[in-house]
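Input: a single structure, listed below in structure tokens.
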Amino acid sequence: MSLLQATEVAKRYGGLAALSDVDLSVGEGEFVAVIGPNGAGKSTLLNVLTGLVLPDGGRVLLDGWDMTRAATHKRVRGGLGRTFQHGRPFARLSVLENVMTGAAIQSGRSELDLRERAMAVLDQMGLAADAQAPIESLSYGHRRMVEMCRALACEPRVLLLDEPAAGLNSAEVDQLVDRLTELRGKHRIAIVLIEHNMGMVMRLAERIMVLNFGCKIAEGTPSEIQSDPAVLSAYLGEGYRHAGV
Amino acid sequence: MSIRFPLLLGAFILIAGLGLSMMLADYHLRLLNLAVISAIAVIGLNFAFGYAGLISLGHAAFVGAGAYGVALLTTLLAWSPWLALPAAVAGTALLAMLIGVPLLRLKGHYLALATLGFNVCFSIVAANWIEVTGGTNGISRIPELQIAGHALGNERSYLWFALVVLAASATVAALIHASRHGRAMIAVRDDETASSMTGIDVPRAKLAAFLLSSVYAAVAGGLFACHMRFISPEDFNYAHSIAYLAMLVVGGEGSIVGAILGALFVTFLPEWLRFLGSAYLAFFGLFVLAILIFLPSGLAGIRRPASFSRDGRIKTLALVGASREARQ
Ligand SMILES: Nc1ncnc2c1ncn2[C@@H]1O[C@H](COP(=O)(O)OP(=O)(O)O)[C@@H](O)[C@H]1O
Ligand SMILES: [Mg+2]
């Protein structure tokens, strides 16, 4: 039985089918990547999973709980975490306070407890030195990491990452890959990764789903996807196979 | 931060206020009393506007609800003011809940207009429900506050009492600011979507901020009624709501120290500028604009490092009722 399951999810914006009957299933501790060209519906899929957008059809289950119409904060309390495509830390809170907001997901924790939990997450993600810094003093890459720490502090069982490497330099991308590998290894967090950086996707994902114009056009292991003709023509490009990334 | 700053803040208010109360003459003590009472209301408004970003133009109505509550319970039912105060505060919180649940679904300038409408309604009811409120004649002969048999009859002794309430209000507000609830309100103003994605119940956090602000307003109203011992509808019309907002913005929204500084400053400014006569209001308008442009974090922002000061345009817009969405 899968931990996160979306069945025949559909979403239209006016005449545009942003998602047409898309299925997604993520097992405990699994690493799934969702790829596809811009406008394919990847972020919309995350919005439906997190309840920021209600689907026109289909169902979304988290560990058997039908949360298709549940409020976002309830899904988060149920174990869903997410970062945004453009990075949205709380600008008026410090780095530590941002992460403490996430740790407050469980009521009844003392301030000291919240602080310690937040520091542990920051430490693990290599941001402990910036704990007291205001958000606006951080680089773009660090801001995005703060957002990820905040999501992790909510102790998710499934973490949805929307293009986490966009805007990072290559050293930061390598670091991100290490951290994500670590997260899976140590905490068995299932991860759904939306990403354009194919090197990163191929290194991390166990399974890849490809979206194009709101439809799932392929799903399989990285090697299957890399040689799928439909994927090559719709997204990766014919040159991809030969470039051997 | 933890518990030290809230306690220091409370102690500082008591000491500074006590010092002032010894130095000032009666007329200025009266103004200081009014400033202290306004400061309590503005600390409340800071929860709604400064933290949660709810533009409320109906704050004076909640001050009025507290004041009328105390006035009616003490004069009509002959309750002791000490019983009437908490009852009026509880009643106002209930009113805020009834108003807040539907109104807080609105955002930005829609919320500003709706709360303004609420304030106008309050004034109309207070002025026309003559059997109960006495209409525009108001309610007089509100009993004096007494502590252990001593009446707080003069400005100085009342000020001491009001200072204790202000110090307690500021301490509690600072504790809330530094708690998960304070952070949740601030997060909601920064980004509602990201807040819900962090497990925060956004409508609940907004309602909590709105309720807290009304409770502080009601405390201020109750103190006002016991201080003036006479209230009438025009003490609580929407112009006062705008004045509270101006105090908060001048002092520095999002800051408790700013709320207090703003209340003091805006209360005493007309005194200092009395020579301007009727040109005062024009001056005051320009002055608020200047603060918004050159001192975006208000008076309280003067001591803060530049990295904390934010774009003043945001607040200019907020003050004229522009919505968060309009910014994006
Ligand atoms: N709120 C919205 N209103 C109208 N159209 C939208 C909205 N959100 C997304 N879309 C459209 O849905 C399609 C999928 O968008 P999105 O999920 O953001 O794509 P991706 O993340 O794969 O780049 C795009 O054509 C986009 O313009
Ligand atoms: Mg996207």
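What number of residues within region A:169-197 satisfy the criterion of being of a type in the set (A, V, I, L, M, F, W, C) and within 16 Å of ligand 2 (Cβ to nearest atom)? Talk me through it step by step, then tell me what you get.
Step one: list which residues in region A:169-197 are of a type in the set (A, V, I, L, M, F, W, C), which gives A:171, A:173, A:176-177, A:180, A:183, A:189-194.
From the residues that got through so far, the ones that are within 16 Å of ligand 2 (Cβ to nearest atom) too are A:192-194.
Looking only at that region, the number is 3.
Against the conditions (1) crowded, with 21+ Cβ neighbours inside 10 Å; (2) of a type outside the set (Val, Ile, Thr); (3) touching a Cys at 6+ places or on another chain (Cβ under 6 Å), residue A:125 satisfies every one except (1). Just one of the numbered conditions (1) modelled with pLDDT of 95 or more; (2) within 13 Å of another protein chain (Cβ to nearest Cβ) is not true of residue A:88: (1).
Let's see how each residue does on (1) over 20 Å from residue B:112 (Cβ atoms); (2) outside any loop (DSSP other than H, G, I, E, B); (3) within 14 Å of another protein chain (Cβ to nearest Cβ); (4) at pLDDT 85 or above:
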| site | (1), (2), (3), (4) |
| --- | --- |
| B:250 | no, yes, no, yes |
| B:253 | no, no, yes, yes |
| B:260 | yes, yes, no, yes |
| B:264 | yes, yes, no, yes |
| B:276 | yes, yes, no, yes |
| B:291 | no, yes, no, yes |
| B:314 | no, yes, yes, no |
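Which of the following residues is within 16 Å of ligand 2 (Cβ to nearest atom), within 23 Å of residue A:177 (Cα to Cα) and touching a strand residue (DSSP E or B) at 6+ places or on another chain (Cβ under 9 Å): A:34, A:53, A:22? After ruling out the rest, the residue left standing is A:34.
Of the helices (runs of 4 or more DSSP H) that lie entirely inside region B:10-109, those containing 2 or more residues that are over 25 Å from residue B:150 (Cβ atoms) and β-branched (Val, Ile, Thr) span B:26-45, B:81-103.
Examine region A:173-187 for a residue that is at pLDDT 90 or above, more than 11 Å from chain B (Cβ to nearest Cβ) and over 16 Å from the mean Cα position of the chain (by Cα), and state whether such a residue exists. Yes, region A:173-187 contains at least one residue that is at pLDDT 90 or above, more than 11 Å from chain B (Cβ to nearest Cβ) and over 16 Å from the mean Cα position of the chain (by Cα). Checking each residue in region A:181-196 for being buried (at least 21 other Cβ atoms within 10 Å of the Cβ) and either over 15 Å from residue A:30 (Cα atoms) or touching a helix residue (DSSP H, G or I) at 6+ places or on another chain (Cβ under 6 Å) (or both) picks out A:189, A:194, A:195.
Please name all residue pairs, on different chains or six or more residues apart, with Cβ atoms under 6 Å, provided the first residue is in region A:123-140 and is more than 14 Å from every other protein chain (Cβ to nearest Cβ) and the second residue is part of a loop (DSSP other than H, G, I, E, B). Pairs found: A:140/A:167.
Being within 11 Å of ligand 1 (Cβ to nearest atom), surrounded by 16 or more Cβ atoms within 10 Å (Cβ to Cβ), away from every other protein chain (no Cβ under 14 Å) and farther than 30 Å from residue A:115 by Cα, is that true of even one residue in region A:52-70? Checked against the condition, which is being within 11 Å of ligand 1 (Cβ to nearest atom), surrounded by 16 or more Cβ atoms within 10 Å (Cβ to Cβ), away from every other protein chain (no Cβ under 14 Å) and farther than 30 Å from residue A:115 by Cα, region A:52-70 yields no hits at all.
Inspect region A:112-121 for any residue being in a strand (DSSP E or B), more than 30 Å from residue A:199 (Cα to Cα) and more than 16 Å from ligand 2 (Cβ to nearest atom) and give the result as yes or no.
Step one: filter region A:112-121 for residues in a strand (DSSP E or B), giving none.
No: zero hits.
Quick grid of which residues meet (1) under 17 Å from the mean Cα position of the chain (by Cα); (2) assigned to a helix (DSSP H, G or I); (3) within 30 Å of residue B:74 (Cβ to Cβ); (4) more than 8 Å from chain A (Cβ to nearest Cβ):
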| position | (1), (2), (3), (4) |
| --- | --- |
| B:176 | yes, yes, yes, yes |
| B:188 | no, yes, no, yes |
| B:200 | no, no, no, no |
| B:204 | no, yes, no, yes |
| B:208 | yes, yes, yes, yes |
| B:212 | yes, yes, yes, yes |
| B:217 | yes, yes, yes, yes |
| B:222 | yes, yes, yes, yes |
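Among the residues here, residue A:75 qualifies as away from ligand 1 (no atom under 16 Å from the Cβ) and either in a helix (DSSP H, G or I) or surrounded by 21 or more Cβ atoms within 10 Å (Cβ to Cβ) (or both).
Scanning region A:2-16 for residues that are surrounded by fewer than 16 Cβ atoms within 10 Å (Cβ to Cβ) and within 16 Å of ligand 1 (Cβ to nearest atom) gives A:12, A:13, A:14, A:15, A:16.
Reported count of residues in region A:122-166, each being away from ligand 1 (no atom under 16 Å from the Cβ), in a loop (DSSP other than H, G, I, E, B) and either within 30 Å of residue A:64 (Cα to Cα) or among the hydrophobic types (A, V, I, L, M, F, W, C) (or both), is 9.
The values are calculated or read from the model by the stated rules, or taken from the named source; none is laboratory data. Only a predicted model underlies this, so the values are computations on that prediction, with no experimental measurement involved. Positions of Cβ are backbone-derived with ideal geometry, glycine not excepted, and every protein chain shown enters the neighbour counts.
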